[in-house]
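Enquirer: Quick one: structure below, then a few questions.
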Amino acid sequence: MEKKDEKNLNQLHLVFGLLFIGSIFLSGQAKKILPTWNDPEIHLLSLAVALLWLGTVFQRKIKALDDRCKVLKDRMERAESKIDWLEREKAEQSRIPRGRGS
C-alpha cells in the first residue's frame with residue numbers, strides 16, 4: 001500500500017473514530033433538543049459488519065507490515081551477499097603477488 005493511500009486510510013479511521021466518540025456525547029444532547037429522538041439500536045448484523053470491517057483493516061495493516069519485513073529481509077540478504085563477495089575479492093587481490101612497480 002502506498003504512503004498516500006495509507007495516510008488517507010488513517011484519516012478515514014480517525015474521522016470515523018471521532019464521529020463515534022462524538023455520537024456518544026451528543027446522544028444526551030439530542031434527546032434534550034429533539035424530544036422524539038431515539039438512539040439507534042445496534043443489532044447483531046451491524047455488529048458483525050463493524051467487526052468484519054475492523055478485521056479487514058487490521059488484516060491489511062498486518063499484510064503491509066509482513067510485505068515490508070519481506071522486502072527488508074531480501075535487501076539485507078542481498079547486502080550480506082555483496083559484502084561477502086567484496087571480502088572475497090579483497091582477499092583474492094591481497095593474495096596476488098604484485099610486481100616491483102606496483
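The values are calculated or read from the model by the stated rules, or taken from the named source; none is laboratory data. Only a predicted model underlies this, so the values are computations on that prediction, with no experimental measurement involved. Every residue, glycine as well, gets a Cβ built from its backbone with ideal geometry; the counts of neighbours run over all protein chains shown. These accessible areas exclude ligands, DNA and RNA; they are computed on the full protein's heavy atoms, side chains included. Shrake-Rupley method; radii C 1.70, N 1.55, O 1.52, S 1.80 Å.
Enquirer: Report yes if Gly22 is part of a helix (DSSP H, G or I), within 22 Å of Lys61 (Cα to Cα) and not polar (S, T, N, Q), otherwise no. Break it down into steps so the answer makes sense when it comes.
Expert: Working: part of a helix (DSSP H, G or I): yes; within 22 Å of Lys61 (Cα to Cα): no; not polar (S, T, N, Q): yes.
For Gly22, the condition - part of a helix (DSSP H, G or I), within 22 Å of Lys61 (Cα to Cα) and not polar (S, T, N, Q) - is not met.
Enquirer: Oh, and also: Checking the condition within 28 Å of the chain's Cα centre (by Cα) and not aliphatic (A, V, I, L, M), which residue from Lys61, Lys31 passes?
Expert: Values: Lys31 fails: within 28 Å of the chain's Cα centre (by Cα).
That would be Lys61, the only listed residue that is within 28 Å of the chain's Cα centre (by Cα) and not aliphatic (A, V, I, L, M).
Enquirer: Counting just the residues of the stretch 1-34 that are polar (S, T, N, Q) and within 30 Å of Val71 (Cα to Cα), which one comes out most open to solvent (accessible area, probe 1.4 Å)?
Expert: In the first step, residues of the stretch 1-34 are kept if they are polar (S, T, N, Q); the result is 8, 10-11, 23, 27, 29.
Now drop any that are not within 30 Å of Val71 (Cα to Cα), which leaves 8, 10-11.
Numbers: Asn8: 77, Asn10: 69, Gln11: 93 Å².
Only one residue tops the list, namely Gln11.
Enquirer: Hey, another quick one. Given the structure, is Lys70 assigned to a helix (DSSP H, G or I), farther than 27 Å from His13 by Cα and open to solvent by 100 Å² or more (accessible area, probe 1.4 Å)? Steps first, please.
Expert: On the way: assigned to a helix (DSSP H, G or I): yes; farther than 27 Å from His13 by Cα: no; open to solvent by 100 Å² or more (accessible area, probe 1.4 Å): yes.
In short, no.
Enquirer: Any residue at all in the stretch 74-91 that is surrounded by 10 or more Cβ atoms within 10 Å (Cβ to Cβ), part of a helix (DSSP H, G or I) and among the β-branched types (Val, Ile, Thr)?
Expert: yes
Enquirer: Moving on to the next point. Considering only the stretch 35-48, state which residues are open to solvent by 90 Å² or more (accessible area, probe 1.4 Å) and either touching a residue at least 60 places away in the same chain (Cβ under 8 Å) or not aromatic (Phe, Trp, Tyr) (or both).
Expert: Of the stretch 35-48, the ones open to solvent by 90 Å² or more (accessible area, probe 1.4 Å) are 35-38, 40-45.
Passing the criteria: Pro35, Thr36, Asn38, Pro40, Glu41, Ile42, His43, Leu44, Leu45.
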